[in-house]
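Okay, structure first, notes after.
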Amino acid sequence: MHPVTFSATLDEALNLVGTFVFALSGALLAVRKHYDIIGMIVLAEITAIGGGVLRDLVLGAVPPAAFTDHISFLLPIAAAVLTFFTHARMNRIQAAVLVFDAAGLAVFCVSGAAKAVAYGIGPIESVALGALTAVGGGIMRDMLANEQPVVLREDSTLYAVPAVLGAAIVVVVTHLHRYGPAVAALAAALVFAVRLGALRYGWHAPHPKRNGPQGDDDL
Amino acid sequence: MHPVTFSATLDEALNLVGTFVFALSGALLAVRKHYDIIGMIVLAEITAIGGGVLRDLVLGAVPPAAFTDHISFLLPIAAAVLTFFTHARMNRIQAAVLVFDAAGLAVFCVSGAAKAVAYGIGPIESVALGALTAVGGGIMRDMLANEQPVVLREDSTLYAVPAVLGAAIVVVVTHLHRYGPAVAALAAALVFAVRLGALRYGWHAPHPKRNGPQGDDDL
Amino acid sequence: MHPVTFSATLDEALNLVGTFVFALSGALLAVRKHYDIIGMIVLAEITAIGGGVLRDLVLGAVPPAAFTDHISFLLPIAAAVLTFFTHARMNRIQAAVLVFDAAGLAVFCVSGAAKAVAYGIGPIESVALGALTAVGGGIMRDMLANEQPVVLREDSTLYAVPAVLGAAIVVVVTHLHRYGPAVAALAAALVFAVRLGALRYGWHAPHPKRNGPQGDDDL
């Protein structure tokens, strides 16, 4: 069902990396919220598979891939258990987690968009589904933890933008009949680079102008 | 797939108005929360198409209409961009937005209930799906923005009630084999009028009695 | 569609009890948040049918059972109306509500896992879907009410664990071709007992070690 993006092996490997690092980010948030091991597993699962499950429900690809491919389900549990025992050290490698998270973002927006196109969804909608695959799990993680979703925070650096960019490349190139492993790899690499650039240099999307101190701040 | 409600043209026009004004309400909330343009687009999309997508997932009508009919997807982006540049002036026309929002509520509960009946869903459930189509997007908007959903707020004026009323009329009249453009238009007009009346005169649904000052306020 | 678990009659009766008591817990939360009767019905519905609807969407069993079996839909409305008039007295029977809630947890994890297995889902995923059926409605209730989900709270007693346990028993025994009414009843009874034990004796799942007062508490 899952369309080949790079080579099947590279695609699979990157998907596993994406699943694992997204799960780590969920488990680490659970530690910070003082949840128990169950809460850690719940947040790890939802972050890792949430975006793909939403995409598959919209596509009518049920049961979603995460419920048929056993590894997608077990990997987040492993990530939660690992985090349980080593979270003190992990926080020191927060930077590494952000890098892995950028890798997950990159591979999920590419594979998500490719799957949407393969299901015959229109171009704009395929870009949206690709981006949803990449950012949906993180949004569900933050909603469950009763936090402002990271992608919506006032001071967030570019996160959805590189995902949209990567998905758009996949869709455009597929419509030009030029999609293949090289393009997929390049699109993912670009997403990865833009996300790392945003983290390093604090790139932001534009904000609407404020209305001065009297403002419209209060609802 | 979408059953004709009024005339196809009137139905389509009203659906577009509903989509656009719901998107405006999402984009305006994003401005007040100091989100960037990406956050504005996300909230505009979810508010405009969220209710219909939920309805279609429940009906098994996948991909949901919003993912096959391109305009539903582009209109919220346009609404977010418009809001980005003109939100200062928009807040002065808040009253107009509430009127348009009431129009969206009216047309979505009618078209949502009609679609549910067309899919062979039972009467009670069709009423619920019609109401969900009308209020679901707003609920998802508020959950994403980490706000109390407007339909659940302590001081909310009648919002779900007119939607239930409009959906119920559609369902009853369809079961009497009397459903047609005139009935649909009348049902939508009634929803619109009741919602405007609730806004103007502060109509509320009944609250359960409080237990006095010691109360049961603390969870 | 719904696989027989105990006897059809016992299964149905327990499902109705589960639906009703979950609806009561939603309606009571709505009272505490000072929602009106509409908010009470919304929270009662979502708590009672939310978990099963999520399960059915994932399984592709649409429309979900709650939208075809009329009683699932009407019972939460009845629970909300009952709560509207009698909530003052109900709070005094909070203990009874917790007992009924444990019964709902027990029957929903068993019937959810059995349905997932019947749809050909793998063992791990069936356990997860069984647990999701049992705890999903409560999570959606708390998210809608803008509260920390009860299953994720720092001080929560075992709640998901007995649900996972019950679902796992169903899955294992089904794979051994030994599943039947007696096993289902025993699994549900065990879930019920473990949940009551957790409430009575304050059993918790393990927490990850804190990092001392300087901690990693601040995000």
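How many percent of the accessible area of chain A is carbon or sulfur, using a 1.4 Å probe? Could you put the intermediate results ahead of the total?
Details: 6070 of 8810 Å².
Ligands and nucleic acids excluded, carbon and sulfur give 69 percent.
For B:C109, tell me the accessible area in Å² from a 1.4 Å probe, rounded to the nearest 10.
Rounded to the nearest 10, that gives 0 Å².
How well do other chains shield peptide A:50-63, expressed as the mean number of their Cβ atoms within 10 Å of each residue Cβ?
On the way: counts 0, 0, 0, 3, 2, 0, 3, 9, 8, 3, 9, 2, 10, 11.
Going residue by residue through A:50-63 and averaging, the value is 4.
State to the nearest 20 debye the size of the charge dipole of chain C about its Cα centre, where the only charges are +1 on K and R beta carbons and -1 on D and E beta carbons.
Details: 13 positive and 15 negative charges, 97 e Å.
In total the dipole reaches around 460 debye.
Would you work out if the protein assembly as shown is rounded, prolate or oblate? Take a ≥ b ≥ c from the square roots of the eigenvalues of the alpha-carbon gyration tensor; rounded if a/c is under 1.5, else prolate when a/b is larger than b/c, oblate otherwise.
Details: a/c = 1.31, a/b = 1.00, b/c = 1.31.
Here the protein assembly as shown falls in the rounded category.
I'd like to know how chain A sits against the 2.2 N^0.38 Å rule of thumb: what's its Cα Rg over that expected value? All intermediate terms of the calculation are to be shown ahead of the outcome.
Details: Rg = 17.4 Å, N = 219, 2.2 N^0.38 = 17.1 Å.
Expressed relative to 2.2 N^0.38 Å, the Cα Rg reads 1.02.
Put a dot 7 Å past each Cα toward the Cβ at C:V97 and C:I124; how far apart are the dots in nm?
3.7 nm
Roughly how big is the C-B contact, given as buried accessible area in Å² (both sides, 1.4 Å probe, nearest 100)? Walk me through the numbers on the way to the answer.
Details: alone 11540 and 11570 Å², together 20340 Å².
The C and B chains share an interface burying roughly 2800 Å².
Quick check: net charge around A:P76, other residues with Cβ under 15 Å of its Cβ, Lys/Arg +1 and Asp/Glu -1?
Working: positive: A:R141; negative: A:E45, A:D69, A:D101, C:E125.
Residues close to A:P76 contribute a combined charge of -3.
May I ask you to rank C:R153, A:R141, A:R89 by accessible area, largest first, using a 1.4 Å probe over the protein chains only? Intermediate results must be reported in sequence, preceding the final value.
On the way: C:R153 75, A:R141 30, A:R89 150 Å².
In descending accessible area the options line up as A:R89, C:R153, A:R141.
Give me the Kirkwood hydrodynamic radius of region B:76-171 in Å, from all C-alpha pairs, to one decimal place? Write out the running numbers ahead of the final one.
Working: mean 1/r = 0.0689 Å⁻¹.
Taking the inverse mean of 1/r over all distinct Cα pairs, region B:76-171 comes out at 14.5 Å.
Identify which of C:L54, C:L14, C:L74 has the largest mean-square fluctuation in a Gaussian network model of chain C, with springs joining Cα atoms closer than 10 Å.
C:L74
Would you list A:K115, C:K209, B:K33 from the most to the least accessible area, probe 1.4 Å? Walk me through the numbers on the way to the answer.
On the way: A:K115 5, C:K209 165, B:K33 40 Å².
Output order, biggest surface exposure first: C:K209, B:K33, A:K115.
Can you list the copy-to-copy distances for A:I71, using a point 7 angstrom from Cα toward Cβ, in nanometres, shortest first?
Its label point is 4.6, 4.6 nm from the equivalent points in the other copies.
Which value results for Rg/Rh of region B:123-219 when Rg is the Cα radius of gyration and Rh the Kirkwood radius based on the inverse mean 1/r?
1.07
If you put a point 7 Å past Cα along the Cβ direction, how far is that point for B:V97 from the same point in each other copy, in nm, smallest first?
Copy-to-copy label distances at B:V97, shortest first: 3.6, 3.6 nm.
For region A:103-153 and region C:21-87, what is the separation of their Cα centres, given in Å?
With region A:103-153 and region C:21-87 each reduced to a Cα centre, they are spaced 30 Å.
Please list B:H87, A:H70, B:H34 from largest to smallest accessible area, probe radius 1.4 Å, with all protein chains kept in place. Before the final figure, lay out the partial values.
On the way: B:H87 5, A:H70 90, B:H34 30 Å².
In descending accessible area the options line up as A:H70, B:H34, B:H87.
Using protein chains only (no ligands, no nucleic acids) and a 1.4 Å probe, work out which residues of region A:93-139 have their accessible area cut by at least 50 Å² relative to the chain alone.
So the qualifying set is A:I124, A:E125.
Step through the residues of region A:22-38 one at a time and calculate ³J(HN,Hα) from phi using the Karplus curve (6.51 cos²θ - 1.76 cosθ + 1.60, θ = phi - 60°), rounding each to whole Hz and writing x for Gly and Pro.
Whole-Hz 3J(HN,Hα) from phi for region A:22-38: 5, 4, 4, 5, x, 5, 5, 4, 4, 4, 5, 8, 6, 6, 8, 4, 5.
Among the lysines, which fall within straight-line cross-link reach of A:K209, defined as a Cα-Cα distance under 19 Å, with same-chain neighbours fewer than 8 residues apart omitted?
Partners within reach: B:K33.
The values are calculated or read from the model by the stated rules, or taken from the named source; none is laboratory data. Just so you know, these numbers come straight off a predicted model, no measurement behind them. No Cβ is skipped: glycine too gets one built from the backbone with ideal geometry, and neighbour counts run over all protein chains shown. Ligands, DNA and RNA are excluded from the accessible area calculation, which covers all protein heavy atoms including side chains. Shrake-Rupley method; radii C 1.70, N 1.55, O 1.52, S 1.80 Å.
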